[in-house]
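Down below is the structure, laid out as structure tokens.
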Amino acid sequence: MADWAPHTVVTDEYIDPAPVTALATLFDDGLPAPAVGDELPPLWHWVALPQWAASSQLSIDGHPFRGSFLPPVDLPRRMFAGGRVEFLAPLRVGDMTRRESRVDSVVEKNGRSGKLVVVTVVTTLYTPAGEPAVIETQNLIYREGAAVSGDVPSPAPAASMVPQGAPFVARDDAGFDFRTDPTLLMRFSATTANAHRIHYDWPYATGVEGYPGLVVHGPLMSLALAETHRLSGGRRVAAIDHRNSAPLFCGQSAWLRPSDDGGSIALIGPRGLDGGPHTSIDLEVIA
């Protein structure tokens, strides 16, 4: 870390309709795909502005090498832990936006699973008129690798999974069941330019990083929660606080459960309500 210093990266980017349409097709939830001139739904900038790294810049895990924009943390596991996104002005499909990103802090900690490092990144997106449209604080956690037993799970469970169709299935009680399969994870990886191997490479996810299967993307879970708000006809969102508390693995059942007052939505996975949600968002809406 001694030779690394944070710096601001500024780029001018096109809000491309192609990945926006790709996400709408992936969700397949009956809502029309935002077209050129339409406002981006909450959190869809994660898809509309993909950042592709050069192939020569990818590390063993599929992420770009650390030590340029992100600090050279020497811990192998990287997780999308959550953050806060404020929506100040509309971003529209087909517009140009200026992106300003910087690493705000790097904090070393000791947790129950050992050493970890929390990296906080702040990004501002601007309208074509130069007004701040989105201000985002994102937390990334780097952790020590898990012990990998000699009995590595066989790829057969993933190979036998069939496409589940649309990932949102309305429930009679409240919210939606959220279904995942390897094709959904692969398509989301491609749409967001995310080459992290834990989402599509079963031998790597299980044999190197020690997971029991393919890992559902943290941003995909947060986006699914925000889409639940849209599907319910909720009011315009001013800000979203999102937290990824536990991993969800491909094929596991999950429930997108809105609160009674509509102010929050939780993704409840196999660990259940008593164990807390896997992912949750708190919504600030405009009256």
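When I286 is tested against (1) of a type in the set (V, I, T); (2) modelled with pLDDT of 95 or more; (3) more than 19 Å from the chain's Cα centre (by Cα), exactly one condition is not met: (2). When you check V93 against the structure, is it touching a helix residue (DSSP H, G or I) at 6+ places or on another chain (Cβ under 6 Å) and surrounded by fewer than 17 Cβ atoms within 10 Å (Cβ to Cβ), yes or no? Considered against the rule, which asks whether it is touching a helix residue (DSSP H, G or I) at 6+ places or on another chain (Cβ under 6 Å) and surrounded by fewer than 17 Cβ atoms within 10 Å (Cβ to Cβ), V93 comes out as no.
Candidates are the residues of segment 199-216 that are assigned to a helix (DSSP H, G or I) and under 10 Å from D61 (Cα atoms); the one that is farthest from the chain's Cα centre (by Cα) is Y204. Give the residues of segment 13-26 that are touching a Pro at 6+ places or on another chain (Cβ under 9 Å) and surrounded by fewer than 19 Cβ atoms within 10 Å (Cβ to Cβ), sorted by residue number. Residues satisfying the conditions are D16, P17, T21.
In segment 164-182, the residues that are assigned to a loop (DSSP other than H, G, I, E, B) form Cβ pairs under 6 Å with partners that are among the basic types (K, R) and buried (at least 19 other Cβ atoms within 10 Å of the Cβ), at six or more places apart or across chains, as follows: G175/R257. Of the residues making up segment 55-78, none is acidic (D, E) and more than 27 Å from V117 (Cα to Cα).
In this entry, T192 is excluded by the filter for residues that are out of contact with any Asp or Glu (no Cβ under 8 Å at 6 or more places or on another chain), surrounded by fewer than 16 Cβ atoms within 10 Å (Cβ to Cβ) and either within 23 Å of R143 (Cβ to Cβ) or not aliphatic (A, V, I, L, M) (or both). Can you tell me which of V10, V73 is β-branched (V, I, T), surrounded by fewer than 17 Cβ atoms within 10 Å (Cβ to Cβ) and farther than 20 Å from V237 by Cα? Going through V10, V73 in turn, just one is β-branched (V, I, T), surrounded by fewer than 17 Cβ atoms within 10 Å (Cβ to Cβ) and farther than 20 Å from V237 by Cα: V10. Could you say whether any residue in segment 80-100 is of a type in the set (D, E) and within 18 Å of the chain's Cα centre (by Cα)? Yes, segment 80-100 contains a residue that is of a type in the set (D, E) and within 18 Å of the chain's Cα centre (by Cα). Those strands (runs of 3 or more DSSP E) of segment 1-120 in which at least 1 residues are among the polar types (S, T, N, Q) and touching a residue at least 24 places away in the same chain (Cβ under 8 Å), considering only elements entirely within it, cover 9-14, 96-111. Can you spot a residue in segment 28-40 that is modelled with pLDDT of 95 or more and surrounded by 19 or more Cβ atoms within 10 Å (Cβ to Cβ)? Yes, segment 28-40 contains a residue that is modelled with pLDDT of 95 or more and surrounded by 19 or more Cβ atoms within 10 Å (Cβ to Cβ).
When L283 is tested against (1) of a type outside the set (D, E, K, R); (2) without any contact (Cβ under 8 Å) to a residue 40 or more places away in the chain; (3) over 26 Å from Q51 (Cβ atoms), only condition (2) is not met. Taking segment 119-142 as the range and being surrounded by fewer than 18 Cβ atoms within 10 Å (Cβ to Cβ) and under 21 Å from the mean Cα position of the chain (by Cα) as the test, the residues that pass are T120, V122, I135, T137.
The values are calculated or read from the model by the stated rules, or taken from the named source; none is laboratory data. Here the structure is a predicted model, which is why all the values come from computation and not from measurement. Virtual Cβ from ideal backbone geometry, glycine too; neighbours counted across all protein chains shown.
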